[in-house]
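Asker: Input: one structure, supplied below.
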Amino acid sequence: MKTMEGNNQKTVLITGASNGFGMEFARLFAKDKYNLVLVARSEDRLKELGYSLQDEYQLEHVCIVQSDLSRPESPQEIYDQLKQNGITVDVLVNNAGAGLHGFFHETDLTREMEIIQLNISSVVHLTKLFLKDMVARDEGKILNVASIVSFMPSPLMSVYAASKAFVLSFTEALQNELKDKNITVTALCPGPSDTYFFKRAEAENTRAANGPMSSPEEVARDGYAALMKGESRIVPGIMNKVQAGASNLLPDSALASTMRYQMEEMQEEDRKTPESKL
Ligand SMILES: NC(=O)c1ccc[n+]([C@@H]2O[C@H](COP(=O)([O-])OP(=O)(O)OC[C@H]3O[C@@H](n4cnc5c(N)ncnc54)[C@H](OP(=O)(O)O)[C@@H]3O)[C@@H](O)[C@H]2O)c1
């Protein structure tokens, strides 16, 4: 961990800040003069981002924390390091996450157990540690990055979608538990977005990865606004809102069929433009 200078502003901890949504969150918080704690495995990328934001927005402190959140020990290590450095986390953004594409009977179990540790256990563990301190101060904000697939089973991404259903359920239960406190917990449920997510999940040839995409800037902007207003849930983008709404009307088996189609590899037919199909 690298700490720079003293601190008297509010501090946000963002997991998965080296890419995608997390990087955009870092930019938005920096613009509003939050001090940053940036967590991911890619230390160089975090340093490049953190130091440039510190210069641009004259932030009082930026901490770079290289950590692999698929290790069960990582959340406690991060918490202890921040405590030792006297850093209070006012806002926690549980954003780091990953998926894996394929039939469950064929995918790699070790990788899936790491995904469960990253997408579920590290979110629970970090929230436990930092929420206790927020409750003691009666102040704080948490943003948990769930997904549109939190609302529907997703064949060919079964473990990932189930992990995001957990994140949404967990977030909504905490909202109720904390309703009389000065602490908000917000769930961000993006649809397919233009980050490294699909490539890393080995899902870049799926229909979902080749259809309409939100930009990470749009998603982070909507998530940031909802977090700041203390909203319970935000689904960025009109089509995603429609899809999330439809999930209340359709049976899960129908949702699973739709998602399976989306998660299947593109076929030659899918690549043809409407004109070339004539
Ligand atoms: N993109 C989409 O379509 C989409 C839609 C809905 C929800 N989401 C969710 O949005 C969140 C952000 O994903 P993204 O789309 O921005 O994807 P991304 O571009 O792949 O970024 C993922 C971030 O998580 C970090 N990360 C991955 N594994 C990690 C680990 N083991 N330990 C610590 N950090 C780790 C990565 O950093 P390092 O590699 O440097 O560790 C990176 O900063 C995830 O929770 C994802 O599930 C994405």
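Asker: Please give the length that would be gained between SER215 and TYR51 if that part of the chain were fully extended, namely 0.36 nm times their separation in residues minus their C-alpha to C-alpha distance (nm, one decimal).
Answerer: 56.7 nm
Asker: Would you check the accessible area of GLU217, probe 1.4 Å, heavy atoms only, in square angstrom rounded to 10?
Answerer: Accessible area of GLU217: about 100 Å².
Asker: Right, another one. When the dipole is taken about the Cα centre of region 66-189, and only Lys, Arg (+1) and Asp, Glu (-1) are charged at their Cβ, what size is it in debye, to the nearest 20?
Answerer: I would put it at about 240 debye.
Asker: Further, regarding this structure: Starting from the 7 Å offset along Cα-to-Cβ, what nm value, one decimal, do you get for the label separation of LYS132 and LYS199?
Answerer: In this crude label model, LYS132 to LYS199 measures out at 4.0 nm.
Asker: Farthest toward the dipole's positive end in the chain, which of ALA136, GLY102, SER74, given Cβ charges of +1 (Lys, Arg) and -1 (Asp, Glu) about the Cα centre?
Answerer: Going by the Cα projections, it comes out as ALA136.
Asker: Let me ask something else. Between GLU139 and ASN182, with labels modelled 7 Å along Cα→Cβ, what's the label distance in nm to one decimal, could you check?
Answerer: My value for the distance between the label points is 0.6 nm.
Asker: Of SER163, GLY20, GLN175, which is farthest along the charge dipole of the chain in the positive direction, counting Lys and Arg as +1 and Asp and Glu as -1 at C-beta?
Answerer: GLN175
Asker: Using a simple spin-label model with points 7 Å from Cα along the Cα→Cβ vector, what separation in nm is obtained for SER257 and ASP270?
Answerer: Placing both labels 7 Å beyond Cα along the Cβ direction yields 1.8 nm.
Asker: Could I ask something else about it? Between LYS241 and LYS83, what is the FRET efficiency for a Förster distance of 35 Å, r being their Cβ-Cβ separation, to the nearest 0.05?
Answerer: That gives a FRET efficiency of 0.30.
Asker: Could you list, bin by bin from short to long, the percent of Cα-Cα pairs of region 11-266 in 5 Å steps?
Answerer: 1, 6, 14, 18, 20, 17, 12, 7, 3, 1, 0
The values are calculated or read from the model by the stated rules, or taken from the named source; none is laboratory data. Only a predicted model underlies this, so the values are computations on that prediction, with no experimental measurement involved. Glycine gets a Cβ as well: all are built from the backbone with ideal geometry, and neighbour counts include every protein chain shown. Side chains are part of the model used for accessible areas, which takes the heavy atoms of the whole protein and leaves out ligands, DNA and RNA. Shrake-Rupley method; radii C 1.70, N 1.55, O 1.52, S 1.80 Å.
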